[in-house]
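Structure, as structure tokens:
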Amino acid sequence: MPLPKPEQKYSYADYLTWGENEKWEILDGVPYMQAAPSRIHQEILMELSRQISNYLSGKPCKVYPAPFCVRLDVEKNDNDVKNVVEPDISIVCDSSKLDERGCKGSPDMIIEILSPSTVKNDRLIKFNKYEKAGVKAYWVVEPDQKLVSVFTLQPNGRYGRPDMYTEEDKIKVSIFPDLEIDLETVFDTV
């Protein structure tokens with residue numbers, strides 16, 4: 001299959017035809033190829049996933065580290081879905097949203113770990129997509145700064161100002177009031 005052309009619009013149906021050796025996302029029909037993550041990125045991803053997974057053991061919610069396909073336009077058929085993302089970490093509590101391909105609709109929580117090639121998409125484009133899709137909690141992790149911005153969906157359907165955390169902090173997860181993420185261990189290898 002030839003590589004997608006940036007000037008052409010694509011759908012989830014197209015995405016399914018692309019090779020599995022490459023990681024792609026589609027935002028408003030525009031394809032974005034994802035670079036391979038760094039070692040530090042992967043260590044942060046694994047530690048966050050470990051802490052969340054340990055907490056969720058035996059509970060109905062599940063954590064899915066990348067690669068994990070999320071189709072935000074759930075009400076559309078595959079040819080019409082123009083927003084396909086692969087968040088670094090997705091937490092899904094409604095099992096009816098899950099199928100063999102990933103998640104149909106918005107996860108309850110998404111964590112993106114910034115890489116130089118993803119800053120604009122994670123901070124701006126995906127931020128707006130996740131807010132509009134109703135993702136209850138959206139975290140942006142900055143490995144270089146050892147900083148986490150936590151956005152929580154407000155009753156008006158918008159993200160409020162972010163709560164900011166550094167490597168010395170512990171974060172209470174808004175969707176799980178008794179889960180606390182220890183950032184010291186998350187950023188230990190950075």
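The values are calculated or read from the model by the stated rules, or taken from the named source; none is laboratory data. Everything quoted here is computed from the prediction, not taken from an experiment. Neighbour counts are summed over all protein chains in view; Cβ atoms, including those assigned to glycine, are modelled from backbone coordinates with ideal geometry.
Residues of region 116-138 that are within 26 Å of GLY29 (Cβ to Cβ) and hydrophobic (A, V, I, L, M, F, W, C): VAL119, LEU124, ILE125, PHE127, ALA133, VAL135. Does MET33 fit the bill of being at pLDDT below 90 and outside any loop (DSSP other than H, G, I, E, B)? Criteria met by MET33.
A single entry from VAL186, VAL150, VAL173 fulfils the requirement of being crowded, with 16+ Cβ neighbours inside 10 Å, under 12 Å from ILE110 (Cβ atoms) and either among the hydroxyl-bearing types (Ser, Thr, Tyr) or at pLDDT 95 or above (or both): VAL150. Suppose we filter region 68-95 for residues that are under 26 Å from TRP18 (Cα atoms), modelled with pLDDT of 90 or more and of a type outside the set (Val, Ile, Thr); how many remain? Of the residues in region 68-95, 10 are under 26 Å from TRP18 (Cα atoms), modelled with pLDDT of 90 or more and of a type outside the set (Val, Ile, Thr). Total residues in region 153-170 satisfying the condition of being surrounded by 14 or more Cβ atoms within 10 Å (Cβ to Cβ) and in contact (Cβ under 8 Å) with a residue 24 or more places away in the chain: the figure is 1. Candidates TYR15, TYR10, TYR55, TYR32: the one that is hydroxyl-bearing (Ser, Thr, Tyr) and in contact with a helix residue (DSSP H, G or I) (Cβ under 8 Å, 6 or more places away or on another chain) is TYR32. Kindly evaluate ASP88 against the criterion of being more than 23 Å from PRO37 (Cβ to Cβ) and of a type in the set (D, E, K, R). In short, no. Return yes or no: is PRO116 over 25 Å from ASP73 (Cβ atoms), at pLDDT below 95 and either surrounded by fewer than 19 Cβ atoms within 10 Å (Cβ to Cβ) or touching a Ser or Thr at 6+ places or on another chain (Cβ under 6 Å) (or both)? Criteria met by PRO116. Taking PRO60, is it under 20 Å from VAL135 (Cβ atoms), free of Cβ contacts under 8 Å to residues at least 60 places away in the same chain and surrounded by 14 or more Cβ atoms within 10 Å (Cβ to Cβ)? Judged against the criteria, PRO60 is not a match.
Specify the residue that is surrounded by the fewest Cβ atoms within 10 Å (Cβ to Cβ); the eligible residues are those in region 6-23 that are among the charged types (D, E, K, R) and over 16 Å from PHE68 (Cα atoms).
Restricting to residues being among the charged types (D, E, K, R) and over 16 Å from PHE68 (Cα atoms), the top hit is GLU7.
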